[in-house]
Amino acid sequence: MAKLSIRDLDLTAKRVLIRVDFNVPLSKEGAITDDTRIRETIPTIEYALRRKAKVILAAHLGRPKGKKVDSMSLRPVVARLRMLLDGVLDADENVAFAPDCVGPVAEEMSNNLEPGQTLLLENLRFHSGEEANDPEFARKLAALCDLYVNDAFGAAHRAHASTEGITHFVAQSAAGMLMEKELNYLGKAVSEPFRPFVAIIGGAKVSDKIEVINALLDRVDSLLIGGGMTYTFLNANGQTTGKSLVEMDKLNVAKAAMDKAAERGVKFLLPVDHVLADKFAADARTQVFSGDGPFPEDWMALDIGPATVKLFSEEIAEAATVVWNGPMGVAELPAFAKGTNAIANALARNNDAITIVGGGDSVAALHHSGVADKITHISTGGGASLEFLEGKVLPGVAALTDK
Ligand code: ADP
Ligand code: MG
């Protein structure tokens, strides 16, 4: 990697500000309902603590829009951090909380840290300067530390004060271990993939995914399409699809993508059968429809059908690299999650391939499928992983110090 890693830094007795992704879901009562994001950052925090750094953790939670919102305080994270750091030296007893992420109190607390101690800062987004990437706010954050580490891959596609601005006021800025892992897996997949390289793109809309489709068409051997965007592609091929989701203003870009695939010799596979529903609801009546004739008028497709599962699974079984973003159907409704689950299982069965899954809804569906532990790399960044696969430069990565 061309950027500094936390492994390149001399951390001993330094105040190290680590930008982490602690944007965890909270219940109405303020309890953490899923601590995956906190757990994924522990290796980086542990690494720094074991090297006698003074660790300062900065994160955002929710969308408080520049104001203090009590229900979006990061304070509940302290107890969970203590739990997860149990057994790491005596780090668990040494986690403090700063009630504001900048200003005199935070500065005093950071100056008083001893090596091996941790300070969690209050929600960065309680200040509008964070998302505005205000240099003054970034400078105040930088005043808390000697070194900066970014381990929040999921926030790296935004140039905010804590991901980009701060790097202008700190001597060295490095990638944390989770950030490094993301960049290694995603980077290798796009730049030097083992072949055959198969990408599966699903989700609701062509408009959300057209850029990643176009970027992947430059690299993959096969591109499999599923989810709601399928029906825009089918309409672009002249098939009518009843009440299925169709973006009529995207027929041209869908057609252009299929032409590009043909020019480049990329195998472009669309679903060959569909699970139709008579309404968008968990208790809808369903039928499987196949063939390239018009769909029954009053029905909508909400999942891929069994023949498509077979077709896609065979393609996945032959792959050496698989990148998957976007569910194959309305996977949040169990009646229409079968296709998505079957594709998750197809990835899991291919032990020889590097399999990478990204995207908020895709990762949630993957966890439901029960085979998440059989996937090589599950990206923690929804939007960030998509932008990375699109070939875009992530501002939070670009801002790190070159090696
Ligand atoms: P990710 O978050 O993994 O990038 P997306 O947000 O692009 O995935 O796609 C998930 C959304 O796509 C879900 O809300 C799901 O309901 C919707 N979706 C999938 N298939 C269909 C379909 N056939 N019709 C309508 N919506 C669909
Ligand atoms: Mg989504």
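The values are calculated or read from the model by the stated rules, or taken from the named source; none is laboratory data. Keep in mind it's a predicted model, so treat the numbers as computed, not measured. As a convention, Cβ positions derive from the backbone with ideal geometry for all residues, glycine included, and neighbour counts pool all protein chains shown. The area values use the complete protein model at the heavy-atom level, side chains included, leaving out ligands, DNA and RNA. Shrake-Rupley method; radii C 1.70, N 1.55, O 1.52, S 1.80 Å.
Structure notes:
- The residue of the stretch 71-93 that is modelled with the lowest pLDDT, among those that are surrounded by fewer than 18 Cβ atoms within 10 Å (Cβ to Cβ) and farther than 21 Å from Pro25 by Cβ, is Asp92.
- Residue in the stretch 285-297 that is under 24 Å from the mean Cα position of the chain (by Cα) and under 25 Å from Ala344 (Cα atoms) present: no
- Test: residue in the stretch 230-239 that is away from ligand 2 (no atom under 16 Å from the Cβ), in a loop (DSSP other than H, G, I, E, B) and on the phi < 0 side of the Ramachandran plot: yes
- Residue count, the stretch 314-344 (criterion: buried (at least 17 other Cβ atoms within 10 Å of the Cβ) and not in a strand (DSSP E or B)): 18
- Among residues that are in the same structural domain as Val198 (by TED's automatic domain parsing) and more than 16 Å from ligand 2 (Cβ to nearest atom), Ala342 is included.
- Near pairs, Cβ below 6 angstrom, 6+ apart or cross-chain, from the stretch 78-105 (part of a loop (DSSP other than H, G, I, E, B)) to any residue that is open to solvent by 80 Å² or more (accessible area, probe 1.4 Å): Val102/Lys140
- Filter result for the condition that a residue is out of contact with any Leu (no Cβ under 7 Å at 6 or more places or on another chain) and modelled with pLDDT of 95 or more, over Asp35, Asp10: Asp10
- The C-beta contact set for the stretch 1-26 (first residue of a type in the set (S, T, N, Q), second residue open to solvent by 50 Å² or more (accessible area, probe 1.4 Å) and modelled with pLDDT of 95 or more, distance under 8 angstrom, 6+ apart or interchain) comprises Thr12/Arg51; Thr12/Lys52; Thr12/Pro115.
- The stretch 210-222 - residue that is in contact with a helix residue (DSSP H, G or I) (Cβ under 8 Å, 6 or more places away or on another chain), surrounded by 18 or more Cβ atoms within 10 Å (Cβ to Cβ) and not β-branched (Val, Ile, Thr) and, of those, farthest from Met328 (Cα to Cα): Arg219
- When residues of the stretch 379-397 are limited to those that are of a type in the set (A, V, I, L, M) and open to solvent by less than 40 Å² (accessible area, probe 1.4 Å), the one nearest to ligand 2 (Cβ to nearest atom): Leu386
- Within the stretch 356-377, residues that are more than 14 Å from ligand 2 (Cβ to nearest atom) reach partners that are among the polar types (S, T, N, Q) with beta carbons closer than 6 Å, at six or more positions or on different chains, in the pairs Ser369/Asn341; Val371/Asn345; Ile375/Thr355; Thr376/Thr355.
- Taking the stretch 190-207 as the range and being away from ligand 1 (no atom under 16 Å from the Cβ) and surrounded by fewer than 24 Cβ atoms within 10 Å (Cβ to Cβ) as the test, the residues that pass are Val190, Ser191, Glu192, Pro193, Phe194, Arg195, Pro196, Phe197.
- Taking residues in the stretch 200-223 that are without any contact (Cβ under 8 Å) to a residue 60 or more places away in the chain, and partners anywhere that are away from ligand 2 (no atom under 15 Å from the Cβ) and among the acidic types (Asp, Glu), the pairs with Cβ atoms closer than 7 Å and at least 6 places apart or on different chains are Lys205/Glu247; Val206/Glu247; Ser207/Glu247.
- In summary, strands (runs of 3 or more DSSP E) completely within the stretch 135-219 and bearing 1 or more residues that are within 16 Å of ligand 2 (Cβ to nearest atom) occur at 197-201.
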